[in-house]
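So the structure is just underneath, and the comments pick up after that.
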C-alpha cells in the first residue's frame with residue numbers, strides 16, 4: 001500500500017480495496033467471517049450475552065486476515081484505512097450476497 005495515497009471517500013477507496021481481494025478464497029473468507037459476525041451480534045442481542053459482540057469482531061478480522069496472509073500475501077487495508085476498510089468489507093459482503101460479485 002502506498003502511504004502517499006489518501007482516500008477521502010469509499011467510492012475512491014473501493015477500487016483499491018477490491019484490488020487487495022483479488023482471490024476468490026480471500027473474498028469467501030471475508031464473507032464467512034462477516035456473516036458469522038452478524039450471527040454472533042444477533043445472538044448477543046437475543047441472549048444479552050454482550051461479550052459475543054467482541055467475539056464477533058475478533059473472529060471476523062481473523063477470517064479476513066487469514067485470507068490476506070495465506071492467500072493474498074498482502075497487508076490488510078484495515079491497518080492503514082480502518083474506517084474505509086470496514087465499510088469496504090460490508091460493501092463487498094453485500095455485493096457477494098446480492099450476486100453482483102463472484103465468491
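The values are calculated or read from the model by the stated rules, or taken from the named source; none is laboratory data. Everything quoted here is computed from the prediction, not taken from an experiment. All Cβ positions, glycine included, derive from the backbone under ideal geometry; neighbour counts span all protein chains shown.
Which pairs turn up if I take residues in the stretch 36-50 that are on the phi < 0 side of the Ramachandran plot and free of Cβ contacts under 8 Å to residues at least 24 places away in the same chain and look for partners that are surrounded by 12 or more Cβ atoms within 10 Å (Cβ to Cβ) and not in a helix (DSSP H, G or I) with beta carbon separation below 9 Å, at least 6 apart in sequence or on another chain?
The qualifying pairs are 43/49.
Could you count how many residues in the stretch 74-100 are within 14 Å of residue 29 (Cβ to Cβ) and at pLDDT 95 or above?
Number satisfying all stated conditions: 5.
Name every residue in the stretch 76-94 that is assigned to a helix (DSSP H, G or I), crowded, with 16+ Cβ neighbours inside 10 Å and without any contact (Cβ under 8 Å) to a residue 60 or more places away in the chain, in order of residue number.
Correct list: 78, 89.
Answer yes if at least one residue in the stretch 66-73 is in contact with a helix residue (DSSP H, G or I) (Cβ under 8 Å, 6 or more places away or on another chain) and surrounded by fewer than 13 Cβ atoms within 10 Å (Cβ to Cβ), and no otherwise.
No, the stretch 66-73 contains no residue that is in contact with a helix residue (DSSP H, G or I) (Cβ under 8 Å, 6 or more places away or on another chain) and surrounded by fewer than 13 Cβ atoms within 10 Å (Cβ to Cβ).
Go through the stretch 51-70 and report how many residues are within 20 Å of residue 23 (Cβ to Cβ) and in contact (Cβ under 8 Å) with a residue 24 or more places away in the chain.
Of the residues in that region, 8 qualify.
For residues in the stretch 13-35 being without any contact (Cβ under 8 Å) to a residue 60 or more places away in the chain and either in contact with a strand residue (DSSP E or B) (Cβ under 9 Å, 6 or more places away or on another chain) or not in a helix (DSSP H, G or I) (or both), which is farthest from residue 101 (Cα to Cα)?
20
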